[in-house]
Each structure stands twice: as structure tokens, then as C-alpha cells.
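Asks: First the structure, then my questions, so here it is.
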Amino acid sequence: MKFIFKGYNSNLEKGEVLFNFGLIGEKNIDFTEKISFLPVQNKIPQALLKALLDNLMLILGISYWKLYCPKDIIIESNFLSKEQAEFWNTIYTKGLGEFFYKNKIDFRGLVNFPFIKGLETKPTAFLRKDRYLLGIGGGKDSIVAAEMLKSENKEFELLIDDAEIQRGVVGIMNKTPIVKKRELDSKLFELNKETGVYNGHIPISAIYAFLGLLFAVFYDYKYFVVGNEKSANYGNVEYLGEMINHQWSKSEEFEKLLNNYLQKFITPDLSYYSPLRNMNELEVVREFVKYPQYFKVFSSCNKNFKILRPDGLRKGKWCNKCPKCLFVFICLSAFLSRKEVLAIFGNNLFEDESLIPLFEELIGIKNFKPFECVGTPEEVKEALLEIVKKGEFNNSVLIKHYKSL
């Protein structure tokens, strides 16, 4: 089987780009993904626009390539040098680490992007205004990043998906956001139901990074900013000699790789960074609780953002069953009163006996750190020490269990 990056059709005045992919094998399948956005008025150098869309195509293609993980990759009108191809080999291999682990796929030597020997790709200079575009996910991290930019008197605007959680957050910030929309090909979801087709986690933060950089250029920003903290550098489990990290595309390693690639092959006048890079999860939460105006609108539960989910899966902004919900409940309980925490979640997660296995994974005494955007066992235990000291939850099932260990 072969996977083909077929190119794209863009109409900036209309505000859409269609990206085309294909699989060739026993049956041939074509895919089209649509990115929609506000019409673009700025004049952008053609070479820069091409570089941005070419590379965005490669990261968007990861959702379709992973269906069968074919070794044979084709890029029509290939634009990659050897160094660029090696970058993409790394992005796919490390970004899909959890996917490979869960599907028991041997990733060693699997991803080989084609390149043109001797090709030298030069970046395009394009002076930007000293402004910041911040991606808002709807959780505590991007909220803290926004408040940091505000406190530093940075000129910034917000980039969101058209999602209820994100709109609620930007409503509190009293800003009119730039809204993007990503429509995956429906055949992707149909194929995911078939046997012999792989499914699983993709490095969604890498996709958001390339989309954010594109919109930064579209609307004249010099920096695309995200809320990725230091704890994202911590991996989950070793597999085939590599540390698998659910949050790899939020890590410092990814940030450095992307900025180096950006400067060398796209434009030197654009940067990607996180102001939270030197903060761990608890430090971020300590900042977040200073802004109670967000308590009723924010959510860190990823079930809010699943593309396909059964109706009635949950009510409210928290499922109260996943590692992320339990982790954030623990962190907030270290800094807020019991009454404030229960007002946010609606339930006392420390009274849910079914969460004990997840709790033990979070504190590092069972299996390994959950495949979720959660902090390290050390951070969780630090939060629990504070919770025990405060005493408000000491009669709860999980806190009793923790004290008995």
C-alpha cells in the first residue's frame, strides 16, 4: 500500500483550503480535509504561503496515514530536502508513539519521508508586526498564558475552534477571537470501524502548531503562543527502546525542533513558544486560581473535544471519570476550598471508589502515568500533601486510601 500527499487548493479570499490525500492498495481511497477561516486581506509572499501550506499538508496527513501505516510515502511535487524529511520522520515517529505502543506496531524504520537529493530550501523573510496570537484550548493552561501576556502588556489576540468551551473562555476575556474550523474527511471515521484499520492518538498539538503559524501569517502576528508547561516533557512508558510520551507534541523537544525548522525552511520572522515552559502543572494551577472568573467556564476534560462521541455521554464540562478530571480535581483541591472545587466539578471525585486504579497510576504506584495531559507523580503527591494538611477531604475514600499506603 502507498500513501500519497496529493496537494491542496486554496482560496484565501473565500477563507478555505482543501487538502488532498490518497491511499493506493487493494482499494484506492481519496481523502479531502477542509480548513475554514476568516477571509485573508494581507498580501503574503507566494513562496511563504506555499511553504506554510506544504508543511501543514504533511502534518494533517498523519490522521489518514495512520489508518494503515504504509511504508511507501509519496509527495506529489515533492519539496523536501533530506534534512526536512528527517524532521518529518521524527514528528511522525515520536508524535505517534502512544499510537504505536497501543497498536503493538514496530515503528523502527517505518516512517521514511521522500526527499530530493541536493535540494536546498531557503526561508522567506516577511516582516511581521510585534503581535501575539494565542491558541485557546479552554483549559487552565491557555488561560494562564493569556493572563501572563496581559500582565506583560503584550498586544495579543485569540485563536479558537468553534467550540462551546473555548467561546465561554474568550467571552470572559472580552475579546473577539479568530475562529478556525477543521473538517476531516468522513471516510476516515467510516474506515475506523473496519477490522485491519489502525486507530488511536495523534499529536494534535503539532497540528494546532502548524495551523497557528499559518494564521499568524494570515492575520499579521509575529508569535504563535501556546500554553504548554514543563510537565509535558515527562514520558509515560518505554517501548522498543524509546520513551513514549503522550504529550510529546507539547514538549520542549518538539518546540525546539519546530522553531529550528521554521527558521531554516519557512521564515525567520515567525516564532512558536509557550510562556509556561518553565512552569510545572502545580505552578500553573497556583496561577490559575488567582482568576476565579474562569471557574464556571473552563474545562480540561478532553471529552469535550472528541469529534465523535455518543449523545448523552456526559452532562456539564467534566466527565469526572478520566485521568485528566481526577488530576485537575487533585491540583485544584491543593489551592481552593472544598466548596469551590465541588462547585467546579459538581461531584466529589475523592468519594468515587472506582477511581482508585487511576489514582494509583497518577501517584506512580501502579502501571505508568496515564496517557493523558497530566503532571508527574511527584507533582500529584505534592498536591496531596497540601490537601492532607488542609484536612477538608481527609474523610474521603481516595484520601483515606492515600494515607493508608
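The values are calculated or read from the model by the stated rules, or taken from the named source; none is laboratory data. Note that this is a predicted model, so its numbers are computed, not measured. All Cβ positions, even for glycine, are placed from backbone atoms using ideal geometry, and neighbour counts span all protein chains on display.
Asks: Where the second residue is surrounded by fewer than 13 Cβ atoms within 10 Å (Cβ to Cβ) and the first is among the β-branched types (V, I, T) and lies in segment 171-186, which pairs have Cβ atoms under 6 Å and are six or more apart or on separate chains?
Replies: I172/Q293; V179/D162
Asks: Quick check on segment 176-201: of everything there that is closer than 19 Å to I136 by Cα and of a type in the set (A, V, I, L, M), which residue is surrounded by the most Cβ atoms within 10 Å (Cβ to Cβ)?
Replies: Among residues in segment 176-201 that are closer than 19 Å to I136 by Cα and of a type in the set (A, V, I, L, M), the one surrounded by the most Cβ atoms within 10 Å (Cβ to Cβ) is I178.
Asks: Taking V111, is it under 21 Å from I4 (Cβ atoms) and either among the β-branched types (V, I, T) or not in a loop (DSSP other than H, G, I, E, B) (or both)?
Replies: yes
Asks: While we're looking at this one, here's another question. Across segment 365-405, which residue is surrounded by the most Cβ atoms within 10 Å (Cβ to Cβ) among those that are over 30 Å from the mean Cα position of the chain (by Cα) and polar (S, T, N, Q)?
Replies: Among those residues, the one meeting the criterion is S396.
Asks: Right, something else. Report, ordered by the first and then the second residue, all pairs with beta carbons closer than 9 Å, sequence separation of six or more or different chains, a first member in segment 381-396 that is farther than 12 Å from S333 by Cα, and a second member that is part of a loop (DSSP other than H, G, I, E, B).
Replies: Final answer for the pair search is K381/I363; K381/G364; S396/N348.
Asks: Hey, does segment 84-96 have a residue that's within 30 Å of V170 (Cα to Cα) and either in contact (Cβ under 8 Å) with a residue 40 or more places away in the chain or in a helix (DSSP H, G or I) (or both)? If you could, list the steps in order and put the result at the bottom.
Replies: So the first thing to find is which residues in segment 84-96 are within 30 Å of V170 (Cα to Cα), and the list is 95.
Subsequent filtering for residues that are either in contact (Cβ under 8 Å) with a residue 40 or more places away in the chain or in a helix (DSSP H, G or I) (or both) retains 95.
For segment 84-96, residues within 30 Å of V170 (Cα to Cα) and either in contact (Cβ under 8 Å) with a residue 40 or more places away in the chain or in a helix (DSSP H, G or I) (or both): present.
Asks: OK, next. Does R167 fit the bill of being assigned by TED's automatic domain parsing to the domain that holds L18 and either closer than 28 Å to E281 by Cβ or basic (K, R) (or both)?
Replies: no
Asks: Right, here's the next one. For segment 126-219, which fully contained helices (runs of 4 or more DSSP H) count at least 1 residues that are in contact with a helix residue (DSSP H, G or I) (Cβ under 9 Å, 6 or more places away or on another chain) and under 27 Å from C325 (Cα atoms)?
Replies: Working: elements: 140-151, 164-173, 186-191, 204-218.
Of the helices (runs of 4 or more DSSP H) lying wholly inside segment 126-219, those with at least 1 residues that are in contact with a helix residue (DSSP H, G or I) (Cβ under 9 Å, 6 or more places away or on another chain) and under 27 Å from C325 (Cα atoms) span 140-151, 164-173, 204-218.
The rows are residues; the columns are (1) more than 21 Å from Y198 (Cβ to Cβ); (2) of a type in the set (A, V, I, L, M); (3) at pLDDT below 95.
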| residue | (1), (2), (3) |
| --- | --- |
| F31 | no, no, no |
| L52 | yes, yes, no |
| I105 | no, yes, no |
| G109 | no, no, no |
| F113 | no, no, no |
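Asks: Any residue at all in segment 28-35 that is touching a strand residue (DSSP E or B) at 6+ places or on another chain (Cβ under 7 Å), basic (K, R) and touching a residue at least 24 places away in the same chain (Cβ under 8 Å)?
Replies: Yes, some residue in segment 28-35 is touching a strand residue (DSSP E or B) at 6+ places or on another chain (Cβ under 7 Å), basic (K, R) and touching a residue at least 24 places away in the same chain (Cβ under 8 Å).
Asks: Right, another one. With D162, D185 as the choices, which residue is out of contact with any His (no Cβ under 8 Å at 6 or more places or on another chain), over 15 Å from L133 (Cβ atoms) and modelled with pLDDT under 95?
Replies: One residue alone meets the criteria, D162.
Asks: Can you pull out every residue in segment 115-138 that is surrounded by 15 or more Cβ atoms within 10 Å (Cβ to Cβ), small (G, A, S) and either at pLDDT 95 or above or touching a strand residue (DSSP E or B) at 6+ places or on another chain (Cβ under 7 Å) (or both)?
Replies: Selection gives G135 alone.
Asks: If you scan segment 13-31, which residues turn out to be under 25 Å from the mean Cα position of the chain (by Cα) and either surrounded by fewer than 16 Cβ atoms within 10 Å (Cβ to Cβ) or within 24 Å of P177 (Cα to Cα) (or both)?
Replies: G15, E16, V17, L18
Asks: Determine which single condition K66 fails, assuming it passes every other condition in (1) surrounded by fewer than 16 Cβ atoms within 10 Å (Cβ to Cβ); (2) under 21 Å from G200 (Cβ atoms).
Replies: K66 satisfies all of (1) surrounded by fewer than 16 Cβ atoms within 10 Å (Cβ to Cβ); (2) under 21 Å from G200 (Cβ atoms) except (1).
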